[in-house]
Amino acid sequence: MKKLIYLITALLTVISCDNSQPNDNPELNEFISKLDDKSIEEIKEEMNSNVKQFESISKFFENSFSNEIEVIVKEDEKYEEAFKIDTTGISKALYQFNDIVFVQTFEDYESQLEFTKNNSDSSKPINLGEGVSQKFIPNKIYYHDGEIRTDSIADYEVDFTFDEAWGKVKPIDSIDITYNLNYVKDYDVVEVSLDKPKVTFKGGEITLVKAEGNYIYFTLSDTIDSPVRIQGYNAEGKVLDRSGYSNNGIAPGEMKSVFTEMLGYFKKLQEKLNDDDFENTAEFQEYLKNNLSNLDFFNDNDGIFHRQYYYHGNVKSIKLYFENDSENRETLFTARNYKPFKETDDLFAMETEDATVFLNSKGEPQITIKGSDGLENTGGNFYEDYNYFYYLNRAEKRLDTLLVYDVKVFNNGLVGILPEQENEHYTLFTSDNKPIGSKSYWLMREVGDLLFGITDDDKYYILDENANATLLTGVTKISDNLSDDRIIVSNANSKIGFMNSKGKMVIPFKYSDAEDFEDGITAVQFNGTYKFIDLNGKVLFDTKEDDIDFLKKDDQEKRIYSFDYGKTSYNYKGELIKK
Amino acid sequence: MKNVIFYIVLLASISITSCGKDALKYDFSKIKSHADTKGLIAKIQLENEDEDIDSTSSFEQITIKGMHYAGVPIKEALITDNYTLLTTDTLNFSAKNLLEAIEANNGLINLTDSYSDRLEFGWKDETEDKTLKINLVNGKHLAAFGDKDYAELTINYKPIYTIPLANIHKEIKTFDNQAKYVLNTRSYDCVYDIIVNDIIITESSNETEFNLNNYIVGPDSSIKIIVKPRQKDGAKAFNEQAYFTAAIVNNENEEIIEAIEKTALKGSTPIVFQTDFNSTLPYYPKAWTDGADLRNDERLKDKVIALYDKLGKAMLAKDEQALNDIFYQKDFEMQQLDFDTNFEPARSEWETYLSVQLYCYKYTVANDFDIEFNSGGKLIYTYAKDKSDMIIFTGKGHDFTLNHYLYQPKGSNELKIIR
């Protein structure tokens, strides 16, 4: 199913974006080669079950291209700002990648990656101003098994919204990516209107074919580069808001026949497949390659590109903005795996059409379990799907279903299980699903690699991988963050101190307020005022301030300490910011 | 992923248009269930073979002519697995007509609060929830009803349950006198145990309203309230402002049956208030009245476990009849004592059990528990010690617990759930 939908979209891309012959069209060739691992029987089945779907889809296209031309009354007109280059966000855009993560999943012997910004409220890169475009170019992939890959990776998509295919099925630790910003420095403006319907530009022509009501139709010679922006104007010269558009290699009115032709082509393929005309997949692929060029549609030789635009107003002229000169800015960042492959994991699960395959860190299949799907690793040998938790029993090469309320696998390999209900205590198990430790805990917390167990009497224990519990004397509260190897902890008197990532108290309980460390310093309150201290608690400077504001960030995402409603501010190094 | 979304967007936009006959032949007001809807689509499909209609689709948009709701023409029907959305023609009094047609069947209705520009009406009954949204082209005022309107009627068909447990409301008898006896308390800095007819209905509580009907089995009743200091911050005595007052009220007519005057609480010893009261209920339940005295039953503990075990097995086996038998007497008596003919309590309890069946894969019964004897040993309540409750149902991220009053009917050797 998914494959055929891919086929349709791939072909739509081919028809709408490319005028070259399909024989030497790389996208089409790539698509055809995707059929390599499919048997001719599978292809036949997919084609049969999906021609009907395509019929429905082509119906949609018939309707969508028959937008009606309207005359818009003056009070219903909507306007937008005239084009101007906006480079204000560039500096911020270049510094936005200090904590980028990706989620790696595995399906049918291919990795799928989706990226997320982990450092702000929005998980996606900031919106750029007009005339600014961005590109992500992967440079190096660091696989968990030590392989570093640099060749043929530049085309992998760094996508912050969807899963994208990233090649071989092997856990990735991190990826180096170049972020490239390009902004227009200088541009040409070309205007076409009913008074001046034809303009010669850079050896080609821009021609206004029709302007009626809210609709305008114009063509550009194929030799002219795409404009960075096109804006429509009403009779008074106001910039109109666009309501829809269609760009195509072929003239309007011919789309319907294109789809009829495409559908005919699919039906012909279906018939040939059902008649067993192809002996194997290779033969089918060869036929596909040779026959696509017979479709009239691909012979778009008129040399012009057709653009139809619809506006919230009556459009009289069009201005096209063409880039003349541009500038590049680049930055390099590293994206890390949000759920990195750990030594305690050593196998990971991949979905195939009819099974879950467990592979080692090199991507080699180790255990195959037929019929299971939707499994997600929760750490080590533990998995879950929508309905159940599972333990991968390697000795028996099977999945054991765990009929419990919750299973939590911690970084140190320990497993906490709530056997029956939410408000009971966690019992501890080893990564081999064997009970361990004598205590149970009503709450388990993980900060960095430290695992804390909290008992009924509100005592905090650090638990090692063997469930040995070390009592943290005096601790009554622990912050969620580990930053600069320091964790904020408090005692029963609400005094704050700092613990390091090994669980050792490095700065005793003495502050009445404190922030997490960043860049080796932080602000803490004691004896009434806020002082900057270093990682060992040594006072660097007394601000003499008794009221701290919420922490802020500068343009480079560095911390600003602000006091007394912004009257005094210090930068991330603790240096006074002069107003 | 992109491709799938692309496909869904395309599919959502597929609209089937037809130029069938104009006669009103497909009436959606006759449809009472999701299965009926499927039947109607199949009929439309059969009679409009040239059109591409898929009666198996879970998202089908139909614009065949001849569709109507009680005579009001429907321009488009969107039929999904969860709801049916009917849209009338525009600019032809259709919204007004549709509102009148629904009101003719379901009674007059007031506007639902709505912040949008359109008018909204809602109807709820046992088989369907309906929402009518009226879009007035000329503005929101009702007077604007006229030729410039159209409406969207959304109908959610509810599953029909045949099991008696989900249909208790149909068995409830109503009377002229439907007394509802309630204990209302007012107090400061204390907690209390309430014992009605020798049944401990709550312990160390500070709630202020208790329904008594469920514990009344005849005209003569007694109530005992043990008021204790609220042991906050280690305090063992009553605070100097502590007081307690209570009244038994018939909520039906606000009549005060018995009252305990406001009393200042002093010292650290619990204070006991005790009184008898008469009730006049048109219906007294059989409840535990013919139950055996369980105080000397040596096998009582095993019987408690056996009952909860039977409940657990019935739930996991999705044995609807067994669940019905376990809960019916309790639910019927309680709803009858509430004189509640509304369909919702029984339905919502049954749906809770269905969701436990759907999400839970195991049950655990407490093995260690204290038994409390009430009503001369005829009624027992158990307090689990090794578990949070007597029975816990567990699923992935789901839990559900139960704890009930039990009795043993005369002539039986098994306990039954009664409250």
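Here are the numbers for this structure:
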quantity	calculated
Pair list, Cβ under 7 Å, 6 or more apart: the range A:527-556 residue among the charged types (D, E, K, R), other residue open to solvent by 60 Å² or more (accessible area, probe 1.4 Å) and in a loop (DSSP other than H, G, I, E, B)	A:D549/A:Y565; A:D555/A:Y95
Per-region count, the range B:153-196, residues at positive phi and loosely packed, with under 15 Cβ neighbours inside 10 Å	0
Residue selected from the range B:360-374 under the condition open to solvent by 20 Å² or more (accessible area, probe 1.4 Å) and touching a Ser or Thr at 6+ places or on another chain (Cβ under 6 Å), by the criterion nearest to the other protein chains (Cβ to nearest Cβ)	B:K362
Residue list for the range B:236-246, filter: in a strand (DSSP E or B) and either at pLDDT below 95 or surrounded by 16 or more Cβ atoms within 10 Å (Cβ to Cβ) (or both)	B:Y243, B:F244, B:A246
Some residue of the range A:307-328 being within 25 Å of the chain's Cα centre (by Cα), open to solvent by 30 Å² or more (accessible area, probe 1.4 Å) and modelled with pLDDT of 85 or more	yes
Unmet requirement for A:R336, which otherwise passes all of (1) surrounded by 14 or more Cβ atoms within 10 Å (Cβ to Cβ); (2) within 14 Å of chain B (Cβ to nearest Cβ); (3) modelled with pLDDT of 90 or more	(2)
Matching entry among A:F509, A:F541 (being assigned to a strand (DSSP E or B), surrounded by 14 or more Cβ atoms within 10 Å (Cβ to Cβ) and at pLDDT below 95)	A:F541
Residue that is nearest to the other protein chains (Cβ to nearest Cβ) [pool: residues in the range B:375-407 that are in contact with a Lys or Arg (Cβ under 7 Å, 6 or more places away or on another chain) and not in a strand (DSSP E or B)]	B:H404
Selection status of B:L265, surrounded by 15 or more Cβ atoms within 10 Å (Cβ to Cβ), away from chain A (no Cβ under 14 Å) and within 30 Å of B:S221 (Cβ to Cβ)	yes
Residue, nearest to the other protein chains (Cβ to nearest Cβ), within the range A:389-434, restricted to residues that are at positive phi and open to solvent by 30 Å² or more (accessible area, probe 1.4 Å)	A:N433
Among the residues listed as A:M262, A:M255, the single one being at pLDDT below 75 and within 30 Å of A:F83 (Cβ to Cβ)	A:M255
Single match in B:I31, B:I41 (criterion: within 21 Å of B:I160 (Cβ to Cβ) and either basic (K, R) or out of contact with any helix residue (DSSP H, G or I) (no Cβ under 9 Å at 6 or more places or on another chain) (or both))	B:I41
Strands (runs of 3 or more DSSP E) wholly inside the range B:56-102 that include at least 2 residues being open to solvent by 20 Å² or more (accessible area, probe 1.4 Å) and charged (D, E, K, R)	B:72-80
Extreme residue, nearest to the chain's Cα centre (by Cα), among residues of the range A:175-199 that are open to solvent by 70 Å² or more (accessible area, probe 1.4 Å) and of a type in the set (D, E, K, R)	A:K185
Unique residue being assigned by TED's automatic domain parsing to the domain that holds B:E152, modelled with pLDDT under 80 and open to solvent by 20 Å² or more (accessible area, probe 1.4 Å) when the list is B:N106, B:N110	B:N110
Tabulated pairs, the range B:28-56, first without any contact (Cβ under 8 Å) to a residue 12 or more places away in the chain, second surrounded by 16 or more Cβ atoms within 10 Å (Cβ to Cβ) and small (G, A, S), C-beta under 7 angstrom, 6+ apart or interchain	B:Q45/B:S55
Residue in the range B:411-419 that is more than 14 Å from chain A (Cβ to nearest Cβ), open to solvent by 50 Å² or more (accessible area, probe 1.4 Å) and in contact with a Pro (Cβ under 7 Å, 6 or more places away or on another chain) present	yes
2 or more residues in contact (Cβ under 8 Å) with a residue 40 or more places away in the chain and assigned by TED's automatic domain parsing to the domain that holds A:F218: qualifying strands (runs of 3 or more DSSP E) within the range A:317-376	A:317-337
Subset tally (residues that are closer than 22 Å to A:Y95 by Cα and among the aromatic types (F, W, Y)) for the range A:547-579	4
The range B:302-317, residues that are hydrophobic (A, V, I, L, M, F, W, C) and farther than 13 Å from B:I392 by Cα	B:V304, B:A306, B:L307, B:A314, B:A317
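Here's the yes/no breakdown for (1) outside the structural domain of B:D389 (by TED's automatic domain parsing); (2) farther than 24 Å from B:F175 by Cβ; (3) not aliphatic (A, V, I, L, M):
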residue	(1), (2), (3)
B:A306	no, yes, no
B:D309	no, yes, yes
B:A314	no, yes, no
B:E320	no, yes, yes
B:D325	no, yes, yes
B:Y328	no, no, yes
B:A346	no, no, no
B:A366	no, yes, no
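The values are calculated or read from the model by the stated rules, or taken from the named source; none is laboratory data. Bear in mind that the values here come from a model prediction, so they are computed numbers and not experimental data. Note: ideal-geometry Cβ built from the backbone for every residue, glycine included; neighbour counts use all protein chains shown. Heavy atoms of the whole protein, side chains included, go into the accessibility calculation; ligands, DNA and RNA do not. Shrake-Rupley method; radii C 1.70, N 1.55, O 1.52, S 1.80 Å.
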